[in-house]
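Heads up: the structure comes next, in structure tokens.
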Amino acid sequence: MKIGVVGIPLRDKPLFPNHAPFYEPKITDASRGMVKAAVDFGELKSPLARKGFPVNVPAMTDFARQLFSLRKKCDLLVVFGESHAAAYPLYFFPGKVARFDLHGDAFRGMRLNSTSYVRHAVENKIKKEAEITNYGILGKNAFLATAGGIGNPHKPGKCDILDVDVDVLDKRYGIMAEKRMAIGNGKQLPVESVYAAARLKPRVVGFFEYVASEDKGKFGAKFFNETAKNCG
């Protein structure tokens, strides 16, 4: 299986109005280098995306076009982004999306960002709501689940696109931006849940909200490679 890796270098700046994702080149370099025996396509660029400035929907659409082209060059395309908003271009691909996250990221009335990108994908008719199934949403965030509902993380359904918020995983792995942000709301998911979805053979996999410099236990490399292996 030929694996390609690519970065969408977006970083959240929480103090900026509406938590807009900024374009910050090179922030996915370390993550991309962790995937073994993969073709590195580098980071996506666009004349519509400027370093240090927030990205908009036209820039995201341009990124989606580039992903389509790269996907034709490999059997599995692995996408990295620091902001979860970088997942938005993946929703342009046809098929079912399996989301692993504690939050639905479907807030209304906000510009495109890491808390609203799912809602934008639906409202812009990029993806039907019923095609998005969430795994891991708990408690007060359940109302933000899409029409695809909240699936059983131990037995995921059809998965053509895999969207993983890495810090949703069990806190024992040491990937806990949720803890740092004090907005985590309960039980985290085991990596085996993601591997189960990977065995359903998605052709596009996205890993988001992962910062290599914060991964003191070097969990990421093993997790990314094992997920890719299960896709084969």
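Bear in mind these aren't lab numbers, they're just calculated from the coordinates by the rules spelled out. Small disclaimer: the values here were computed from a predicted structure and weren't measured.
Just a few scattered comments:
- Treating each Cα of region 10-125 as one equal point scatterer and applying the Debye formula with no solvent, the log10 of I(q)/I(0) at q = 0.10, 0.11, 0.15 Å⁻¹ comes out as -0.29, -0.35, -0.67.
- Most mobile listed residue (Asn124, Asn134, Asn113) in the chain, GNM with C-alpha springs under 10 Å: Asn124
- When shorter helices are ignored and each DSSP H run of at least 4 residues is given -39500 (n - 2.57), the per-residue value for the chain at 222 nm works out to -6000 deg cm²/dmol.
- Selected from Thr115, Thr61, Thr28 as most flexible by GNM, with the chain as the system and alpha-carbon contacts under 10 Å: Thr61
- Pairs spanning more than 30 Å between alpha-carbon atoms, out of Lys26/Lys155; Lys72/Lys96; Lys51/Lys201; Lys51/Lys229: Lys26/Lys155; Lys51/Lys201; Lys51/Lys229.
- Proximal aspartates and glutamates relative to Lys13, as straight alpha-carbon distance under 19 Å, when same-chain residues fewer than 8 apart are discounted: Glu24, Glu82, Asp105, Asp165, Asp167, Glu178, Glu209, Glu214
- Normalised by the number of residues in the chain, the average gap of Cα pairs under 8 Å and 6 or more apart makes the relative contact order 21 percent.
- The structure-derived value of Kirkwood radius over Cα pairs in Å appears in the list (1) 20.2; (2) 17.2; (3) 18.9 under the label (2).
- Within straight-line reach of Lys2, meaning a Cα separation under 16 Å, sit the following aspartates and glutamates at least 8 residues removed in sequence or on another chain: Asp40, Asp75, Glu226.
- Counting only DSSP beta bridges whose two residues both lie in the chain, roughly 10 percent are antiparallel.
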